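Below is one structure, written out as structure tokens, with a few remarks after it.
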Amino acid sequence: MSPNAPRPSRADLLDQVAARYAVAITPAMEALIDAEDPADPIAAQFRPDARELEIAPSESADPIGDEAHSPVKGVVHRYPDRALLKLLHVCPVYCRFCFRREMVGPPNLNRLGDGTLTHEELDAALVYVESRPEIWEVILTGGDPFMISARRAREITLRLGAIPHVKILRWHTRVPAVDPLRVTPDFVAALRTEAATTYVVLHINHARELTREARAAIARIVDAGVPMLSQTVLLKGVNDDPDALEALMRALVEARVKPYYLHHLDKAPGTSHFRCTIEQGQALTRALHERASGLCQPNYVLDIPGGHGKAPLAEPSLRQTNDGYDVRDREGAWRAYPRDNS
Ligand SMILES: *Cc1c(COP(=O)(O)O)cnc(C)c1O
Ligand code: SF4
């Protein structure tokens with residue numbers, strides 16, 4: 001840009017964001033946004049922001065190193081006993097902090113198309129899973145795998161169930177919160193098989209996302225005998241305070257969803273305005289421990305860049321002393337504990 005060029009307007013910048021990253025919000029989420037509140041935590045997650053154009057040096061298009069562990073298209077196999085199966089690249093909403101933001105999006109924006117596995121690609125992915133007897137669990141992901149039809153979900157469930165060593169089918173989705181009416185009884189039935197156990201993990205970041213309709217969608221899943229867990233991304237301006245996190249975790253437990261992971265934000269491009277420090281995440285985790293039931297405690301984790309997997313980030317509650325250990329109690333005081341067998 002020449003020094004005399006006019007500074008781009010906000011609308012121009014937002015056009016640049018939308019040309020680069022997919023944008024979508026569902027009516028259910030749109031309805032939750034408080035237009036009077038410039039810091040609305042729902043708007044912050046889905047409305048494009050000019051700061052997405054600022055890319056920090058440490059940010060990467062493949063922040064958690066999926067590529068390094070992809071033996072065939074659609075499969076990521078990083079841990080021996082479990083493999084990801086990415087069924088498609090579309091989502092009902094596009095989170096502005098998405099860790100796969102360079103991969104997800106509608107076909108018109110995405111150079112990879114909508115990423116839906118063709119019949120041949122799905123066959124090849126299933127042949128891979130079948131050929132690796134150590135795969136005990138298949139994690140269905142994307143994009144959002146709840147975007148597929150009930151018919152296709154049933155086909156995938158039955159074909160995975162037919163592989164003797166696959167015991168667990170785990171679906172990772174944002175749909176029950178952001179587009180709850182998609183969770184029809186037919187779709188829920190399509191997730192179940194006698195041959196394997198199904199779990200659903202809900203991605204949710206703020207208690208307000210748990211609307212009456214969302215809670216009803218969750219009830220349809222859990223009432224069908226499918227246990228639910230949740231994963232939350234720690235986001236500045238959305239849930240980085242103890243009250244917001246506590247309210248979310250309590251609301252999830254009340255809805256029969258067990259908090260599973262609190263993710264430290266992955267270093268995807270243009271997401272630094274959402275990033276908390278690890279020290280802030282540890283302090284929030286500690287506050288949650290002090291305030292709430294054990295049922296309300298997710299594991300605070302980081303996905304190590306380069307494909308090295310997840311690591312727990314909570315501060316250790318044990319330290320060695322000369323004659324044993326100190327253990328930290330809920331209030332933060334260190335209590336002596338003798339070495340075992342002493
Ligand atoms: C996160 C992740 C998993 C699942 O890990 P869990 O700790 O079992 O939830 C599996 N494979 C890959 C590639 C992952 O990134
Ligand atoms: S729902 Fe998941 S995959 Fe889709 S945009 Fe949000 S974070 Fe990314």
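Return the Rg/Rh ratio of the stretch 257-342 with Cα-based radii and a Kirkwood Rh.
Details: Rg = 16.0 Å, Rh = 15.1 Å.
That ratio is 1.06, to two decimals.
Could you work out the relative contact order of the stretch 231-342, using alpha carbon pairs under 8 angstrom and six or more residues apart, expressed as a whole percent?
Details: 154 pairs, mean separation 25.3, N = 112.
Across the stretch 231-342, relative contact order equals 23 percent.
Shape analysis of the stretch 1-51 based on the Cα gyration tensor places the equivalent ellipsoid semi-axes at 27, 13, 7 Å, largest first. Straight-line cross-link reach from K236 at under 27 Å between alpha-carbon atoms covers these lysines, not counting any fewer than eight positions away in the same chain: K258, K267, K310.
Here the chain is scanned for trypsin sites (Lys or Arg not before Pro) in DSSP loops (not H, G, I, E, B) that have at most 11 other Cβ atoms within 10 Å, and the longest stretch holding none of them is 112-329. What are the lysines whose alpha-carbon lies under 18 Å from the alpha-carbon of K73, with same-chain residues fewer than 8 places away excluded? Cross-link targets: K86. By the equivalent-ellipsoid construction on the alpha carbon gyration tensor, the stretch 36-117 comes out with semi-axes of 27, 16, 13 Å, ordered largest to smallest. Once every Cα of the stretch 130-183 carries one equal point scatterer and solvent is ignored, give the base-10 log of I(q)/I(0) from the Debye formula at q = 0.14, 0.15, 0.16, 0.28 Å⁻¹, two decimals. Cα-only, vacuum Debye calculation for the stretch 130-183: -0.41, -0.46, -0.52, -1.14.
Fully extending the segment from D323 to A162, taken as 0.36 nm per residue of separation minus the present Cα-Cα distance, adds 52.5 nm. Backbone N atoms of the stretch 10-32 closer than 18 Å to the 7 Å Cα→Cβ label point of I55 belong to residues 13-23.
Length available on full extension from A195 to R256: 0.36 nm per residue minus the Cα-Cα distance, which gives 19.6 nm.
Size descriptors for the stretch 203-263, from the alpha-carbon set: Rg then Dmax equal 11.4, 35 Å.
Each Cα pair under 8 Å and six or more residues apart adds its separation to the average, and for the chain the resulting relative contact order is 16 percent.
According to the square roots a ≥ b ≥ c of the eigenvalues of the Cα gyration tensor, what is the shape class of the stretch 251-293, taking rounded for a/c under 1.5, prolate for a/b larger than b/c otherwise, and oblate for the remainder?
It is oblate, given that a/c is not under 1.5 and a/b is not larger than b/c.
Extension gain for D37-Y79 works out to 10.8 nm (0.36 nm per residue, less the C-alpha to C-alpha distance). How many percent of all Cα-Cα pairs in the stretch 177-232 sit more than 15 Å apart? Summing the P(r) of the stretch 177-232 above 15 Å gives 46 percent of all pairs. Converting phi to 3J(HN,Hα) with the Karplus coefficients 6.51, -1.76 and 1.60 and the offset θ = phi - 60°, the stretch 134-143 yields 6, 7, 8, 9, 10, 9, 7, 8, x, x Hz in sequence order, with x at every glycine or proline. Considering every alpha-carbon pair of the stretch 168-306, the percent of pairs per 10 Å bin, from zero through the bin containing the longest distance, is 12, 41, 32, 14, 1. For the stretch 196-205, the Karplus equation 6.51 cos²θ - 1.76 cosθ + 1.60, evaluated at θ = phi - 60°, returns couplings of 7, 9, 9, 10, 10, 10, 8, 8, 8, 10 Hz by residue, with Gly and Pro reported as x. Over the chain, DSSP H runs of length four or greater, each weighted -39,500 (n - 2.57), average out per residue to a 222 nm ellipticity of -8000 deg cm²/dmol.
Between R10 and H69, the distance separating the two model label sites (each 7 Å from Cα on the Cα→Cβ line) works out to 4.1 nm. In the chain, the ratio of gyration radius to Kirkwood radius, Rg to Rh, stands at 0.99 when only Cα atoms are counted. Per residue, the Cα convex hull of the stretch 42-191 amounts to 122 Å³.
Computed from the coordinates by the stated procedures, all read-outs in this text should not be read as laboratory data. Note that this is a predicted model, so its numbers are computed, not measured. So basically every Cβ, Gly included, is an ideal-geometry build from the backbone, and we count neighbours across all protein chains shown.
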